[in-house]
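Single-structure report; data block below.
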Amino acid sequence: MTVKTITLPDIGDFDSVDVIEVLVQPGDTVDVDDSLITLESDKATMEVPSPYAGTITKVLVKEGDKVKEGDPIAEIEVADESTEPAPQPEAETPAEQKVSAEPAAQPEPAKPAAAAPAQPAAAQEEEKPVNAQPMGAKFHASPAVRAFARVLGVDLSKVTGTGPKGRITKEDIQQFVKSVMEGAQQLTPATGGAGIPAIKLPDFSQFGPVEEVELSRIKKLSGKHLHACWLNVPHVTQFDEADITELEAFRNGLKAQAEKEGVKITPLVFIMKAVVAALKQFPNMNASLSEDGERLIVKKYYNLGIAVDTPNGLVVPVVRDVDQKGIFELSRELMTLSTKAREGKLSPADMSAGTFTISSLGGIGGTNFTPIVNAPEVGIMGVSKAKMQPVWNGSDFEPRLMLPFSVSYDHRVIDGAEGVRFTQTVARYLSDIRQLIL
C-alpha cells in the first residue's frame, strides 16, 4: 500500500476559493471520481473528485478554509498498482448545452451534440452557472440543498439556517415551506422558473418490467443548465439553407495538402469562419444581456463553442480567437479538443469563454432542429445534414449541395429582422467563401 497526497487540481481562473463542505473523513473508502470536498467561488459551486481509489487516511482541509491550485486536501492509502491518478476533469463545472458538433457533410472531428456549456473565463463577470450562489449572498447552502430549494420555489435569502455557521439545511427549507403554508410568510419563486409543479409519475412497474439507470454526471449538470436556459431565455429559431456546392469542391481540393499537414478538413471549419464573419457584422449576436436586462455586453473577441458527443454525454469545448486562425490551424485544434473531450480530459479552461455556439447533427441526418441558446450567450447555430437537390437557376434545374441550418436567439436582444439578416449573411458566406477574404 502507498499513501498519496491529493492536491487541488486546476479550478479555473481563481486565486483561491472557499471550502464549504468536506465530504469525507479518515477511514472512508472512496472510488475514483468520488467527491472529496465542495468548493464555492463567487460565481459557482464545484465538487473536487478523487483521482484515486483507496482509503482516506487524513483530511488536510476544513470548512471555511481557502484553497488554491496545488494545495494538499487529503491523504489516501492506495494499492501500489493504483498510484497513477485516473484521467478526469480537474473540478466539476456546469456543463454545456446539449447540442451536437458534427461536420455537416462528414462525421469528423466530432459527433452530434447538443449544447452545454462551459462558461467564459475571460468574461466571467457575464456568466452565472445554474448552481451558482449570487455574489455577496448572505446565505450558505450545499448544491443539494440549493437544488431542493429550487424545486420547491424557495428564495434562500429568506430562510434562516440552523446548520454549522448558519448553513441552510433541507430541514430549514421544509420548516420555511411549512410556515408559508400556515400563512406566516409569502413564498417567493426562485429564479429560473423554479416552483413550476413537477410532473408526477405513475408506478411504471405496474405496466411491465422497468429499470432505473443513473444519469451520467455530465448529463445531470447539462440538464440543469439547459433547463435554466429554456426557462430564462425567450427563444426564437430562424431556419435557412446555404448552397455549399463550391465550398465542398474547394474542401475536397485541399485533401492532399491537409494530409501533408496531418489534419482532416471538415465543413465545420468553414462554417466557423462564416459565422465569425457574420458576427462581426451583427455584434449583438456576439453579446450577453446584463443581469438586470438593461444593458448589452458586446464582446470584441470571437470564441466559438463546438459541442462534442462523448460516452458520458455532451460537452462544449471552446475554440478561441477563431477570427485569427486559418483553416488548417482550426482543423488541428478541433481534432485535439474532440480527442480530449472523448477521453474526459477537458479542463475548465477548455470549456470557458465562449461567445457563440455551433451545434451540428450533420453526421447523423435530419432536416432541421431548434437548438437551445447556451445562456448567457444570445445565439446558437444548429447545422443539419447537407443533401443534393434540384435548384432553379432561372432557366433550368441544376443539382446543388444544400446545407440546412438554423439559428436560435434570445428575442430580448435579437428581433426577427436581425435574426434573418444574420442567417442570410452566414448563408452568403458559405455559398461563396471567397467573400471571407474581402
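None of the figures in this text is laboratory data; all of them are computed from the coordinates on show. Just so we're clear, the structure is a prediction, and the values are computed from it rather than from any experiment. Positions of Cβ are generated from backbone atoms using ideal geometry, with glycine treated the same way; all protein chains shown enter the neighbour counts.
Observations on the structure shown:
- Evaluated on the stretch 249-344, the Kirkwood hydrodynamic radius is 15.0 Å, with distances taken between all distinct Cα atoms.
- Scattering profile of the stretch 2-82 at q = 0.20 Å⁻¹ [log10 I(q)/I(0), Debye over alpha-carbon scatterers]: -0.82
- The chymotrypsin sites (Phe, Trp or Tyr not before Pro) of the stretch 205-269 meeting both criteria, a DSSP state outside H, G, I, E and B (loop) and at most 15 other C-beta atoms within 10 angstrom of the site's C-beta, are Phe207.
- Rounded to the nearest 0.05, the FRET efficiency derived from the C-beta distance between Glu214 and Val391 at R0 = 41 Å is 0.25.
- Rounded FRET efficiency, nearest 0.05, which uses the C-beta distance separating Val420 from Leu296 and R0 of 22 Å: 0.65
- For the stretch 282-332, the set of trypsin sites (Lys or Arg not before Pro) satisfying both a DSSP loop assignment and a count of at most 11 other C-beta atoms within 10 Å is given as Arg295, Lys300.
- Overall form of the stretch 282-327 per C-alpha gyration tensor (a/c, 1.5; a/b vs b/c): oblate
- Taking 0.36 nm per residue of sequence separation and removing the Cα-Cα distance, the Glu248/Glu261 pair yields an extension gain of 2.8 nm.
- The stretch 232-266 and the stretch 281-323: distance between their alpha carbon centers, rounded to Å: 19
- Inter-label distance, nm, simple model (7 Å from Cα along the C-beta direction), Ser205/Asp323: 5.8
- By the beta-carbon count within 10 Å of each Cβ, the least crowded to most crowded order of Asp65, Asp31, fewest first, is Asp31, Asp65.
- Proxy reagent accessibility, fewest Cβ within 10 Å first, across Leu314, Leu279: Leu279, Leu314
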